[in-house]
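For reference, the structure is listed below as structure tokens.
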Amino acid sequence: MPVDKSDPFFKILRERNTGPDGKEKDPGLWDRLDHPICRDCQARYKEKFPGKPFAIVCSGIYSDPDFEKLAKSHGLNKHEVRELLDVAYWAKKYVKVLSPDGELVDFKARDYQLESLLCTAQRQVDRWGRGMGKTICGVIKELHTAMVRQNSRILIICPAQAQSQMWYDELTRIIDSSPELTASLQSRSKQPYFKISFVNGSVISIFTAGSQSGRNASSVRGQSPNRVRIDEMDLLAEEDWVAITPLLRRYENSEFHGSSTPTGRRGTFYKMCREFPDYKELHFPITRHPHWSGKMEEACRREARTEQNFLHEFMAEFGDLEDGVFAADLITRAKKPYLYSSCRPESGWKYYMGVDWNGRGIGTKIRIVGYNPVTKTRRVVYAETSDASTEENLQAIIRANRIWNCSKIYVDRGYGYVQDEMLRKYGESSNHPADKVFRSLVTIDFGAVLKTNRLVPKREGSKYLQDHELERPTKPFMVEGFVIAIEKGLFEFSDEDFTLEQQMRDYRIKAYSRHGWATQYESKSGDHDLDATMLAMLAVEMEHGLTSSKPAQPIARLTYTPPPSPAGTVEERIRAFQEQLGIAGRSDIPVSKKEDPAKVVPAGDRLIAYPSRQHLPPAASYKVLDGPPHLSQPEPGSRTFQLRPGGRIPPQLLNSSRKPRRPY
């Protein structure tokens, strides 16, 4: 059926397309909106903004009938018109890209790239996984705009200098590899910023926001673009948007195109993707890659190292709330019903101490983690805060060590240089057997680079690391190892340890590297107990690696899709859904009396199910819909199941014969 332009869904678009005389400005618009890509866009919009009219400003997608009609009315041939309106067609004719063999070949858009290149939305945001080719797509689209529109002022903003350099290099490489594009070039310069000018008056300017230096994108002030492109926009600091936002609507027909791989924060990029109704979101996970396979998935998970990173970097999911380092449901899973005061040294276990030095008021934090060599489990067994004189703090460490006879002690170098030396000298002079460990006391500088050993590479599943990989930034490396241990189910702490729990739940990423990896962290409830715990966990890993005796449980993710006319926030809808299922917080969905239930916990705007002894298909996705209890089987080639409220996960899925995939 053709698009029904009288539908209330098109109210805004219909008003915009009606002139003062009551006639349609563009009668062909409705035919272009009937394109399959546009139809899919409209369906997704209705799911995201139920009951709201279509607010995206676009011209639909042009096809052969449009090219022929426009060619006839403007005295051009069809191919000339198509070059103006079909970016993918233009790129195939003029753009050369490097093949895996290093040869220059004609650009050929992948299916999802074609969707992005053909889209005419005035405001677009690309949420793509790593390695999907979003940069080359962006380069092509901006170059095409500059070539086919006279006097276009295109502003490209990148969070770091390296990304700005990459854009400039890619633009100049494409121009230099095409005689036609080279003939259109007027000049190019690198100072005071990257700039490429064309004979038709169009200019592409590339600026660095300087997010990491705290310049708050001040360099772009004073620019007057009619089109803005932002690369890796989720790496921009929120302060950068103070300078950038006014540029996005400088003119009535101003255009914007942003792209990024999500970091997890709920900033401007998240709002453009999920909340702003006039922005067209294009979400393409790594599974859309033409070379996607089990082998590629294994490599991606190995590179991501943690499940959370895999969701952000490759699946392009926002994941847990607000840059949370530790997934809320995994923290809940790590809590166990025991008291530190009841813990005693276990035969065969190894114990490791972490110490975070602090001054008066906060106190020196002491944490001891026990390592079970049979199950590979790490369990917090001792926690103490000593807020006294330096001598008394040292005595507290010595007493705790004599109780637990620690194999290694790791301390934070940040505050206690003298204390470190005092403990080492004490270990040299003491005759107590337990005190010998102080002779090999390990000091850790969070801001430095840590040299790892051959046990650590087991994070990636390989036996050894290359020499240049043996050194890692200390704090991110330490945090990442702790995250992996939690995801593998190898970490436990007391459910009465409210301080550690709160610090873990509040732990956020403060800054990212230019590659999108975390570099700095913060917590509104403090992080000193957490730092001491992570130091002890680092000691365990350096001695025993991050292996486990059994594969980590695969995760089946249940995505909550609101009913057509819901009320309340996403969190309120999830709670309502839980009530429908008869669950609250961390609960069970019964499968059958003979089968173990799957644990279901809320996590942001989704639910996560953990099987107990059985295994769900590792990449299955369960979409929760409104309606009667039902679980549909996937379509051929699909891995998506629809679980309706009240539905049960059938035993045949839990008893899947597929061997569980190693998640790292």
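The values are calculated or read from the model by the stated rules, or taken from the named source; none is laboratory data. Just so it is clear, the structure is predicted and the values come from calculations on it, not from any experiment. Because the Cβ atoms are built from the backbone with ideal geometry, glycine has one as well, and the counts that use them run over all protein chains shown.
When you go through ASN431, ASN405 one by one, which is the residue that is surrounded by fewer than 21 Cβ atoms within 10 Å (Cβ to Cβ) and on the phi > 0 side of the Ramachandran plot? Before the answer, list the steps.
Values: ASN431 fails: on the phi > 0 side of the Ramachandran plot.
Answer to the check: ASN405.
Answer yes or no: is there a residue in region 487-504 that is over 19 Å from GLU303 (Cβ atoms), surrounded by fewer than 18 Cβ atoms within 10 Å (Cβ to Cβ) and among the charged types (D, E, K, R).
Looking through region 487-504, at least one residue is over 19 Å from GLU303 (Cβ atoms), surrounded by fewer than 18 Cβ atoms within 10 Å (Cβ to Cβ) and among the charged types (D, E, K, R).
Please indicate, with yes or no, whether at least one residue in region 184-200 is touching a Ser or Thr at 6+ places or on another chain (Cβ under 9 Å), closer than 30 Å to THR519 by Cα, modelled with pLDDT of 90 or more and assigned to a helix (DSSP H, G or I).
no
I'd like the full set of residues that are more than 16 Å from ALA209 (Cα to Cα) and either in contact with a Leu (Cβ under 8 Å, 6 or more places away or on another chain) or basic (Lys, Arg) (or both), limited to region 143-178. Before the answer, list the steps.
Applying the first criterion (more than 16 Å from ALA209 (Cα to Cα)) to region 143-178 yields 143-153, 169-178.
The answer is LEU143, MET147, VAL148, ARG149, ARG153, LEU171, ARG173, ILE174, ILE175, SER177.
For region 219-234, give me each residue that is assigned to a helix (DSSP H, G or I) and closer than 16 Å to ILE206 by Cβ.
Matches in region 219-234: SER219, VAL220, MET233.
Do we find a residue being in a helix (DSSP H, G or I), over 33 Å from the mean Cα position of the chain (by Cα) and of a type in the set (Ser, Thr, Tyr) anywhere in region 37-45?
Just the residues of region 37-45 that are in a helix (DSSP H, G or I), to begin with: 37-45.
If we keep only those that are over 33 Å from the mean Cα position of the chain (by Cα) too, we end up with none.
So far as region 37-45 goes, no, none of its residues is in a helix (DSSP H, G or I), over 33 Å from the mean Cα position of the chain (by Cα) and of a type in the set (Ser, Thr, Tyr).
Can you name the residue in region 83-97 that is under 31 Å from the mean Cα position of the chain (by Cα) and outside any loop (DSSP other than H, G, I, E, B) and is also nearest to GLN113 (Cα to Cα) among such residues?
The residue in question is ALA88.
May I ask you to verify whether ASN309 is modelled with pLDDT under 90, in the same structural domain as ILE486 (by TED's automatic domain parsing) and buried (at least 19 other Cβ atoms within 10 Å of the Cβ)?
no
Of all residues being surrounded by 12 or more Cβ atoms within 10 Å (Cβ to Cβ) and touching an Asp or Glu at 6+ places or on another chain (Cβ under 6 Å) in region 1-19, which is nearest to PRO50 (Cα to Cα)? Just the residue, please.
Here the answer is VAL3.
Out of LYS108, LYS72, report the one residue that is assigned to a helix (DSSP H, G or I), surrounded by fewer than 18 Cβ atoms within 10 Å (Cβ to Cβ) and of a type in the set (Lys, Arg).
Going through LYS108, LYS72 in turn, just one is assigned to a helix (DSSP H, G or I), surrounded by fewer than 18 Cβ atoms within 10 Å (Cβ to Cβ) and of a type in the set (Lys, Arg): LYS72.
Does ARG302 fit the bill of being touching an Asp or Glu at 6+ places or on another chain (Cβ under 7 Å), touching a residue at least 12 places away in the same chain (Cβ under 8 Å) and surrounded by fewer than 21 Cβ atoms within 10 Å (Cβ to Cβ)? Talk me through it step by step, then tell me what you get.
Values: touching an Asp or Glu at 6+ places or on another chain (Cβ under 7 Å): yes; touching a residue at least 12 places away in the same chain (Cβ under 8 Å): yes; surrounded by fewer than 21 Cβ atoms within 10 Å (Cβ to Cβ): yes.
Against the criterion (touching an Asp or Glu at 6+ places or on another chain (Cβ under 7 Å), touching a residue at least 12 places away in the same chain (Cβ under 8 Å) and surrounded by fewer than 21 Cβ atoms within 10 Å (Cβ to Cβ)), ARG302 qualifies.
Please determine whether any residue of region 400-418 is aromatic (Phe, Trp, Tyr) and assigned to a helix (DSSP H, G or I).
Yes: one or more hits.
For residues that are within 18 Å of CYS38 (Cα to Cα) and among the charged types (D, E, K, R), tally how many sit in region 90-126.
Residues that pass the stated criteria total 5.
Starting from residues that are buried (at least 17 other Cβ atoms within 10 Å of the Cβ) and part of a helix (DSSP H, G or I), keep the ones in region 151-165 and report whichever is farthest from the chain's Cα centre (by Cα).
Applying the filter and picking the extreme gives SER164.
Out of ARG379, ARG399, which single residue is at pLDDT 95 or above, in the same structural domain as TYR340 (by TED's automatic domain parsing), under 30 Å from GLY489 (Cβ atoms) and among the basic types (Lys, Arg)? Talk me through it step by step, then tell me what you get.
Numbers: ARG399 fails: under 30 Å from GLY489 (Cβ atoms).
Step by step, each of ARG379, ARG399 is checked, and only ARG379 is at pLDDT 95 or above, in the same structural domain as TYR340 (by TED's automatic domain parsing), under 30 Å from GLY489 (Cβ atoms) and among the basic types (Lys, Arg).
How many residues does region 277-291 contain that are outside any loop (DSSP other than H, G, I, E, B), out of contact with any Ser or Thr (no Cβ under 6 Å at 6 or more places or on another chain) and not charged (D, E, K, R)?
Counting residues in region 277-291 that are outside any loop (DSSP other than H, G, I, E, B), out of contact with any Ser or Thr (no Cβ under 6 Å at 6 or more places or on another chain) and not charged (D, E, K, R) gives 4.
Residue by residue through region 142-161, note down the ones that are touching a residue at least 60 places away in the same chain (Cβ under 8 Å), within 19 Å of ILE174 (Cβ to Cβ) and out of contact with any strand residue (DSSP E or B) (no Cβ under 7 Å at 6 or more places or on another chain).
Across region 142-161, the qualifying residues are LEU143, VAL148.
For SER341, which of the numbered conditions (1) surrounded by fewer than 16 Cβ atoms within 10 Å (Cβ to Cβ); (2) in a loop (DSSP other than H, G, I, E, B); (3) at pLDDT 90 or above fails to hold?
It is condition (2) that SER341 fails.
Picking from MET315, MET272, which residue would you name as being in contact with a strand residue (DSSP E or B) (Cβ under 6 Å, 6 or more places away or on another chain) and in contact (Cβ under 8 Å) with a residue 40 or more places away in the chain?
Details: MET315 fails: in contact with a strand residue (DSSP E or B) (Cβ under 6 Å, 6 or more places away or on another chain).
Residue meeting the stated conditions: MET272.
List pairs: first residue in region 484-495 and of a type in the set (S, T, N, Q) and in a strand (DSSP E or B), second residue modelled with pLDDT of 90 or more and buried (at least 23 other Cβ atoms within 10 Å of the Cβ) anywhere in the structure, Cβ distance under 7 angstrom, at least six positions apart or on different chains.
Every condition considered, the pairs that remain are SER494/VAL380.
Within region 192-209, work out how many residues are within 14 Å of VAL220 (Cα to Cα) and not hydrophobic (A, V, I, L, M, F, W, C).
The qualifying residues number 5.
Name the pairs whose Cβ atoms lie under 6 Å apart, with the first residue in region 110-126 and within 24 Å of GLU252 (Cβ to Cβ) and without any contact (Cβ under 8 Å) to a residue 12 or more places away in the chain, the second surrounded by 21 or more Cβ atoms within 10 Å (Cβ to Cβ) and not small (Gly, Ala, Ser), and 6 or more positions between them or separate chains?
Pairs found: none.
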